[in-house]
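Taking it in order: structure first as structure tokens, then the write-up.
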Amino acid sequence: MNHTYRDILSSELLTRKQSNPRFSLRAFAKQLDLSASHLSSLIIGKRNLTTQQAHKLLNKLELSPADKSLFLSSAFPHLLETPTVQERQTQLIAEDKFTFLAEWYHFAILSLGDISLNKATPAWISERLGISELQARDALKRLQRLDLISIKSDGSFKQTGNPLTTTDDIPSGAIKAYHRSMIDIAKTKLDTVPVEEREFGAVTLAINPAKIGKAKKMIREFQNQLCQELEVGKKKTVYTLSVQFFPVTDSKE
């Protein structure tokens, strides 16, 4: 559990190492625009942050609202005032939005609301999605606080239909975390789901970079068309369509 900005830096380094065993302190320092020795000194407590450095690191790290607050309060406790009740509520909603975007199962729970005979219980959701009951319970509460689901009198739930939008204060780190988790899940499903129940494909080609914008538009249009086709009729299970389109060569221009 993170308690100070030093813990957060150490945790972020560990997370990156888990995703890429070859990732090093030097690589992390380069991402943060620091020297490796400077970053090492910050983590082990030999150096302290300046205000300018703190804001620079916050822009690079893309932390959740809660970790941002902890980062600043642990670095400069004398500069922070006790938040009001309204400010704490605002912080809670901001954290809810960040977590909603970052954790894949929130979107899956919303889709489960379209399945008949669903149950608004952590046990049922945990069994259907393969997540812990604690994760399911917290997610249910979070989705209710964000007014994204409503619990019906028969104990089932449904999506409220409110538009799913984000604001400028939601860090892109949440979106990145979501896509990382979907990639990890896809690797698992490749080995555990029968081939007749899934589709994995990839194509590598040389392209005209001027057409990247058009390609992205075509991908989004295909995703929308597929959703319209598959969401008709009786719904029994939840699927994820994930498309990656990225360069495999380093740009020299």
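The values are calculated or read from the model by the stated rules, or taken from the named source; none is laboratory data. Since the structure is predicted, the reported quantities are computational estimates derived from the model, not experimental observations. Counting neighbours? That spans all protein chains shown, and the Cβs are built from the backbone with ideal geometry, glycine included. These accessible areas exclude ligands, DNA and RNA; they are computed on the full protein's heavy atoms, side chains included. Shrake-Rupley method; radii C 1.70, N 1.55, O 1.52, S 1.80 Å.
Using only the alpha-carbon atoms, how far is helix 133-145 inclined from the longest principal axis of the chain? Give it as 0 to 90 degrees, nearest 10.
90 degrees
At a probe radius of 1.4 Å, what is the per-residue accessible area of Val238, in Å² to the nearest 10?
The accessible area of Val238 comes to roughly 50 Å².
So with the 1.4 Å probe, I'd like the accessible area per residue for the chain, rounded to whole Å². Mind showing how you got there, number by number?
Numbers: 17740 Å² over 253 residues.
Value for the chain: 70 Å² per residue.
In a Gaussian network model over the chain where Cα atoms closer than 10 Å are linked, find which of Pro194, Pro77, Pro122 has the largest mean-square fluctuation.
Residue with maximal mean-square fluctuation among Pro194, Pro77, Pro122: Pro194.
What nm value, rounded to one decimal, do you get for the distance between Asn224 and Ser132 when each label is placed 7 Å out toward the C-beta?
With each label placed 7 Å out from Cα toward Cβ, I get 4.0 nm.
Taking the alpha-carbon centroid of each part, what is the distance from segment 173-204 to segment 1-72 in angstrom?
29 Å
Per 0.36 nm of contour for each residue apart, how much would the distance between Lys46 and Lys17 grow if the chain were fully extended, relative to their Cα-Cα spacing?
Here the segment from Lys46 to Lys17 would lengthen by 8.2 nm.
Largest first, please: the extent of the C-alpha atoms of the chain along each principal axis, to the nearest Å.
The Cα atoms of the chain stretch 61, 54, 33 Å along the principal axes, largest first.
Where does each of Arg198, Arg26 land when they are ordered by accessible area, with a 1.4 Å probe and the largest first?
Values: Arg198 65, Arg26 170 Å².
Order by accessible area, largest first: Arg26, Arg198.
Using only Cα atoms, find the angle between the long axis of helix 65-75 and the longest principal axis of the chain, and express it within 0 to 90 degrees, rounded to the nearest 10.
10 degrees
With every protein chain in place, what's the accessible area of Ser116 (1.4 Å probe, Å², nearest 10)?
Here the accessible area works out near 70 Å².
Quick one: helix 51-61 against the long Cα principal axis of the chain, what's the angle to the nearest 10°, folded into 0 to 90?
Taking Cα atoms only, the helix is inclined about 30 degrees.
Using Cα-Cα distances under 8 Å and only pairs 6 or more residues apart, what relative contact order does the chain have, in percent?
RCO, the chain: 17 percent.
So between Asp191 and Lys158, what do we pick up on full extension, going 0.36 nm a residue minus the alpha carbon distance?
Extending this stretch completely gives an extra 8.7 nm.
Please calculate the 1.4 Å probe accessible area of Ile183, with all protein chains present, and give it to the nearest 10 Å².
80 Å²
Would you work out what percent of the accessible area of the chain, with all protein chains in place, is carbon or sulfur (probe 1.4 Å)? Don't skip to the end; give the middle numbers.
Numbers: 9120 of 17740 Å².
Exposed carbon and sulfur together represent 51 percent of the surface.
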